[in-house]
Amino acid sequence: METQIITFESHKNKIAPEKERLGHIEIDKVGITFGHGSEKVEAVKETSLDIQPGEFICLLGPSGCGKSTLLNSIAGYVTPSSGEVLVDGELVEGPAPERGMVFQQYSLFPWKTISENIAFGPKVAGNTESECSSIANTFLAMIGLSKYGNKYPSELSGGMQQRVGIARALANYPSVLLMDEPFGALDAQTRLMMQENLLSIWSEFNITVVFVTHDVDEAVFLADRVLVMSASPGSVIADLKVNLPRPRAPEIATSDDYMALKKQCLDHIRAESLRAFEQQNK
Amino acid sequence: MSGTSADPELSAIEETKTIDDGPDNSPTTPEEKKTFFEKIDLAQIGLVLMTMVRKHGLNFSASIVSLMLGILFWHYATKYNLNFYINFENIPSPLKVWAAFLAQLADTEFYIHIAVSMKRIIIGYVFAILLGVLAGVLMGRSRFSRAMIYPYIEVLRPIPAVAWIPMAILMWPTEEASIIYITFLGALFPIILNTLHGVEQTPEVLVRAARSLGASRLQIFWHVILPSALPSIGAGLAIGMGVSWFSLLAGEIISGQYGIGYFTWNAYSLINYPDIVVGMLVIGGLGTLSTYAVSLMMRPFLSWQRRAR
Ligand SMILES: Nc1ncnc2c1ncn2[C@@H]1O[C@H](COP(=O)(O)OP(=O)(O)OP(=O)(O)O)[C@@H](O)[C@H]1O
Ligand SMILES: [Mg+2]
């Protein structure tokens with residue numbers, strides 16, 4: 001399905017122009033441990049990263065390596081045990097609407113209609129009912145679900161629900177969009193479609209995206225930079241620039257550059273998975 | 001009569017009866033009952049049954065037939081003073097109960113009894129909802145409040161309403177207040193515990209989503225926790241309504257001059273047995289009605305659930 005380009009003036013005004021882009025993420029020597037004493041788990045080993053405004057970053061790593069934990073520290077759900085996370089120069093101390101979040105599990109409010117879900121952010125920010133419904137309509141059109149505004153989440157397919165989840169996060173016009181394996185539960189076909197959709201939305205909104213996945217193809221297809229994480233405790237072991245041209249279409253997956261990058265990623269992942277496996281069997 | 005009776009067992013009972021020879025304390029003559037219960041043609045019954053099954057479905061018809069059979073049994077058990085473990089000698093017959101019910105319907109005092117009971121239920125129940133939901137939500141969202149409140153629940157919950165009656169009379173200035181207090185207590189615990197359960201069941205990912213969308217604590221409570229807990233709160237409200245009736249009757253039987261519980265117990269004291277059953281049936285009917293009212297009240301808030309299926 002094609003993503004529609006939105007022409008509402010109010011919508012255009014809320015998207016930051018190219019020059020003054022926000023969404024600069026600095027991760028400064030962040031280490032995260034859970035629990036105390038014998039139950040202590042080191043989830044993220046000291047990691048430093050600099051993510052530029054408007055960049056599309058994929059965090060790639062084996063299961064349990066701490067991808068979600070690192071993402072949650074940017075979102076503000078997890079406070080680093082050491083180091084700090086800054087977004088546009090400000091210390092992250094908790095979740096905020098400037099940092100939109102899309103979850104792997106379905107996280108729409110089941111008792112709210114699709115429109116109400118999308119307009120939730122604007123509503124709690126104090127917008128009037130009519131402003132909320134106009135925002136909802138704008139985003140419904142963007143994700144191609146205009147007919148579904150009055151439905152409840154359970155009446156939609158998984159892919160549709162996840163599109164609504166993305167729209168809901170974007171309705172706050174965040175500078176950063178954080179996505180934790182958002183397409184993990186979808187079938188391969190829907191997944192491809194969602195990836196293309198996401199890229200066109202991203203190019204329209206000019207925002208920074210940090211996208212967690214353990215699927216190499218997904219990472220290479222989407223990202224400007226793929227950050228490969230080591231097995232637990234997680235840290236970034238490879239920072240691969242993806243210089244594939246945009247806009248990207250699924251056919252790109254057969255190009256030589258794509259193949260080479262994918263192989264690089266796979267090699268890192270395989271080495272890490274092996275190491276993790278040996279660690280677990282020790 | 002035995003010759004025309006369709007059921008061989010009925011006639012068997014009748015034969016034993018002539019030997020046992022208990023007094024028949026039914027007000028109506030056997031002749032009248034015959035017309036009512038026995039003179040119906042079997043074929044006619046079959047026809048009525050078949051149209052009922054066709055019109056209302058098998059299960060509904062089965063319920064109706066089952067109820068009719070129960071009443072029929074009750075009728076014969078009282079008519080022939082059945083005394084087989086359960087003693088039917090002093091039990092009023094269905095026809096007597098029906099007559100007593102009609103008599104009560106014409107009596108203003110009867111309505112006052114009902115109104116007084118309803119008033120007590122409503123006051124006690126509303127207070128139980130307010131306090132119960134508040135306590136349940138507090139405990140569900142704050143470990144500290146939980147540590148403060150939960151011990152009281154552990155200690156007080158197992159005490160049945162009846163056991164509270166003497167204490168309630170000492171605690172409150174009027175008998176009315178103590179009965180309402182007992183009604184309130186009955187509804188309180190199921191509402192607290194179900195609210196707590198519902199709040200705890202709120203998926204954390206929804207709370208997180210709301211936080212990242214900029215919702216304040218109060219907004220999260222209103223838009224996420226409360227709606228998520230509502231199905232469970234609704235269940236608590238329904239159970240609470242049942243228990244509060246139960247508690248009310250305990251209170252009314254032991255003290256008070258009005259209320260349907262008092263009416264029922266008073267009928268026993270006055271050896272007015274049919275009115276006992278009238279009281280019981282009214283209690284049952286009011287209980288069912290109020291539980292239905294509760295589910296009706298909850299329905300608009302849970303419409304999203306029905307859409308989901
Ligand atoms: N709240 C927590 N308390 C204790 N340990 C935790 C907590 N959250 C995560 N961990 C631990 O931290 C490590 C990293 O978990 P995390 O969820 O970040 O991994 P992940 O890379 O997202 O894995 P997956 O691909 O399975 O989602 C795991 O060992 C996990 O058990
Ligand atoms: Mg994860």
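Is it fair to say residue A:176 is more than 16 Å from ligand 2 (Cβ to nearest atom), more than 14 Å from chain B (Cβ to nearest Cβ), at pLDDT 95 or above and in contact with a strand residue (DSSP E or B) (Cβ under 6 Å, 6 or more places away or on another chain)?
Working: more than 16 Å from ligand 2 (Cβ to nearest atom): yes; more than 14 Å from chain B (Cβ to nearest Cβ): no; at pLDDT 95 or above: yes; in contact with a strand residue (DSSP E or B) (Cβ under 6 Å, 6 or more places away or on another chain): yes.
Considered against the rule, which asks whether it is more than 16 Å from ligand 2 (Cβ to nearest atom), more than 14 Å from chain B (Cβ to nearest Cβ), at pLDDT 95 or above and in contact with a strand residue (DSSP E or B) (Cβ under 6 Å, 6 or more places away or on another chain), residue A:176 comes out as no.
If only one of A:173, A:152 is in contact with a Lys or Arg (Cβ under 6 Å, 6 or more places away or on another chain), farther than 25 Å from residue A:234 by Cβ, crowded, with 22+ Cβ neighbours inside 10 Å and aromatic (Phe, Trp, Tyr), which one is it? Even if it seems obvious, please write down each step before you answer.
Details: A:173 fails: crowded, with 22+ Cβ neighbours inside 10 Å.
Result: A:152 is the single residue among A:173, A:152 that is in contact with a Lys or Arg (Cβ under 6 Å, 6 or more places away or on another chain), farther than 25 Å from residue A:234 by Cβ, crowded, with 22+ Cβ neighbours inside 10 Å and aromatic (Phe, Trp, Tyr).
Considering only region B:217-243, state which residues are in contact with a Gly (Cβ under 6 Å, 6 or more places away or on another chain) and among the aliphatic types (A, V, I, L, M). Even if it seems obvious, please write down each step before you answer.
Initial filter on region B:217-243 (in contact with a Gly (Cβ under 6 Å, 6 or more places away or on another chain)): B:229, B:232-233, B:243.
Result: B:229, B:233, B:243.
Scan region A:240-254 and tell me whether some residue there is closer than 23 Å to residue A:86 by Cα and either away from chain B (no Cβ under 14 Å) or more than 16 Å from ligand 2 (Cβ to nearest atom) (or both). Steps first, please.
Keep residues of region A:240-254 that are closer than 23 Å to residue A:86 by Cα, which gives A:240-241.
When the remaining residues are screened for being either away from chain B (no Cβ under 14 Å) or more than 16 Å from ligand 2 (Cβ to nearest atom) (or both), the result is A:240-241.
For region A:240-254, residues closer than 23 Å to residue A:86 by Cα and either away from chain B (no Cβ under 14 Å) or more than 16 Å from ligand 2 (Cβ to nearest atom) (or both): present.
Within region A:43-67, work out how many residues are buried (at least 18 other Cβ atoms within 10 Å of the Cβ) and modelled with pLDDT of 90 or more. Let's see the steps before the verdict.
Let us first name the residues in region A:43-67 that are buried (at least 18 other Cβ atoms within 10 Å of the Cβ), namely A:43-44, A:47, A:49, A:51, A:53-62, A:65-67.
Those left that are additionally modelled with pLDDT of 90 or more: A:43-44, A:47, A:49, A:51, A:53-60, A:66-67.
Qualifying residue count, region A:43-67: 15.
Considering only region A:156-168, state which residues are in a helix (DSSP H, G or I) and either within 11 Å of another protein chain (Cβ to nearest Cβ) or surrounded by fewer than 18 Cβ atoms within 10 Å (Cβ to Cβ) (or both). Don't jump to the end; show me each part of the working.
Initially, region A:156-168 is screened for residues in a helix (DSSP H, G or I), giving A:158-168.
A:158, A:165, A:168 - these are the residues of region A:156-168 that are in a helix (DSSP H, G or I) and either within 11 Å of another protein chain (Cβ to nearest Cβ) or surrounded by fewer than 18 Cβ atoms within 10 Å (Cβ to Cβ) (or both).
Meeting the requirement of 1 or more residues that are among the basic types (Lys, Arg) and at the interface with chain B (Cβ under 9 Å from one of its Cβ atoms), the helices (runs of 4 or more DSSP H) wholly within region A:87-155 are A:120-124. Within region A:52-86, the set of residues being in contact with an Asp or Glu (Cβ under 7 Å, 6 or more places away or on another chain), in contact (Cβ under 8 Å) with a residue 24 or more places away in the chain and within 14 Å of chain B (Cβ to nearest Cβ) comprises A:68, A:71.
The values are calculated or read from the model by the stated rules, or taken from the named source; none is laboratory data. All values derive from a computational prediction rather than experimental measurement. All Cβ positions, even for glycine, are placed from backbone atoms using ideal geometry, and neighbour counts span all protein chains on display.
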